[in-house]
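Worksheet: the structure to be examined is printed underneath.
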Amino acid sequence: RKEVEQDPGPFNVPEGATVAFNCTYSNSASQSFFWYRQDCRKEPKLLMSVYSSGNEDGRFTAQLNRASQYISLLIRDSKLSDSATYLCALIKGGKLIFGQGTELSVKP
Amino acid sequence: GAVVSQHPSRVICKSGTSVKIECRSLDFQATTMFWYRQFPKQSLMLMATSNEGSKATYEQGVEKDKFLINHASLTLSTLTVTSAHPEDSSFYICSASLGGMNTEAFFGQGTRLTVV
């Protein structure tokens, strides 16, 4: 089983839609979780860290569910510029481990 | 945020030759850097952990003699793909963090390697 699993998508949504991604992880000892955004042929950029209490940054909300071992990312009021691949990641043994990434395409 | 610079951004080489990729932390010292590889439509796969002043730690399935890593200073790690073959064509990317297990990782711009 992979350390981190994501639905690769693609998710095709209209502008203004709300979209949610989930990511499951297998190691219950993992303590730190993140969402990254990666544009085509570019390096990933940190979108937000994920805390047990949940955190929100503008249109983006991240949640961690330790009991079910998944993290989620909610994007409200999608913009065309949100089109990208969203990667969840966790730290295990000092190393940052990524999921496969979920491709999002926001259409006009 | 901290800046990590990777060079070159794109390289095309002939099969059988070697290619060196540099990763520099520009405004901080990085005792540890990480090298990833990403094939199209796939995730970033950790290849190895580069440790300043000591040998790199390779992930399972990664050939250490093929992917040579040198971390001679606190600001520079290099990855050399030796005797490159077309199947080595991929996006190689490095990262470094300011320190501690739970701190943000900063990525280089990545190197797109094409072996012909």
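Taken together, the values in this text are just the output of simple stated rules run on the coordinates, not laboratory data. None of these values were measured; they are calculated from a predicted model. Note that each Cβ is placed from the backbone with ideal geometry, even for glycine, and that neighbours are counted across all protein chains shown.
Farthest toward the positive end of the dipole of the protein assembly as shown, out of B:Phe91, A:Ser53, A:Cys23, is the Cα of B:Phe91, where the dipole comes from beta carbon charges about the Cα centre.
Can you give the relative contact order of the stretch B:1-88 as a percent, counting alpha carbon pairs under 8 Å and 6+ residues apart?
Once divided by the residue count of the stretch B:1-88, the mean separation gives 32 percent.
Would you mind classifying the protein assembly as shown by shape? Square roots of the alpha carbon gyration tensor eigenvalues, ordered a ≥ b ≥ c; an a/c under 1.5 is rounded, otherwise it is prolate if a/b is larger than b/c and oblate if not. Taking the square roots of the gyration eigenvalues as a ≥ b ≥ c, the protein assembly as shown is prolate. Note on chain A: the alpha carbon radius of gyration divided by the globular reference 2.2 N^0.38 Å gives 1.01. When B:Ile93, B:Ile21 are arranged by Cβ crowding within 10 Å, least crowded first, meaning fewest neighbours, the order is B:Ile21, B:Ile93.
Counting lysine pairs in chain A that sit 8 or more residues apart in sequence, or on different chains, and whose Cα atoms lie under 28 Å apart gives 13.
How much of the calculated P(r) for the stretch B:25-116 lies past 19 Å, in percent of all Cα pairs? Roughly 38 percent, once rounded to a whole number.
What net charge do the residues around B:Arg24 carry, taking every other residue with its C-beta under 15 Å from that of B:Arg24, with Lys and Arg at +1 and Asp and Glu at -1? Provide the component values of the computation, followed by the final result.
Numbers: positive: B:Lys20; negative: A:Glu43, B:Glu22, B:Asp27, B:Glu52.
Charge balance near B:Arg24 sits at -3.
For chain B, taking a cut-off of 4.7 Å between Cβ atoms, the unpaired cysteines are B:Cys13. Couplings 3J(HN,Hα) for the stretch A:61-67, derived from phi with the Karplus relation 6.51 cos²θ - 1.76 cosθ + 1.60 (θ = phi - 60°), are 10, 10, 9, 10, 10, 6, 4 Hz, where x marks Gly and Pro.
How many lysine pairs does the stretch B:1-81 hold where the Cα atoms are under 17 Å apart and the two sit 8 or more places apart or on different chains? Can you show the working numbers first?
On the way: B:Lys14/B:Lys66; B:Lys20/B:Lys64; B:Lys20/B:Lys66; B:Lys55/B:Lys64; B:Lys55/B:Lys66.
Count of close lysine pairs: 5.
May I ask you to derive the FRET efficiency for B:Lys41 and A:Asn65 from their Cβ-Cβ distance with R0 = 25 Å, giving the value to the nearest 0.05? According to the calculation, E is roughly 0.35.
Label positions at A:Ser81 and B:Ser83, each projected 7 Å from the Cα along the C-beta direction, are separated by 4.9 nm. Annotation: the residues B:Arg37, A:Arg41, sorted from fewest to most other C-beta atoms within 10 Å of their own C-beta, follow the order A:Arg41, B:Arg37.
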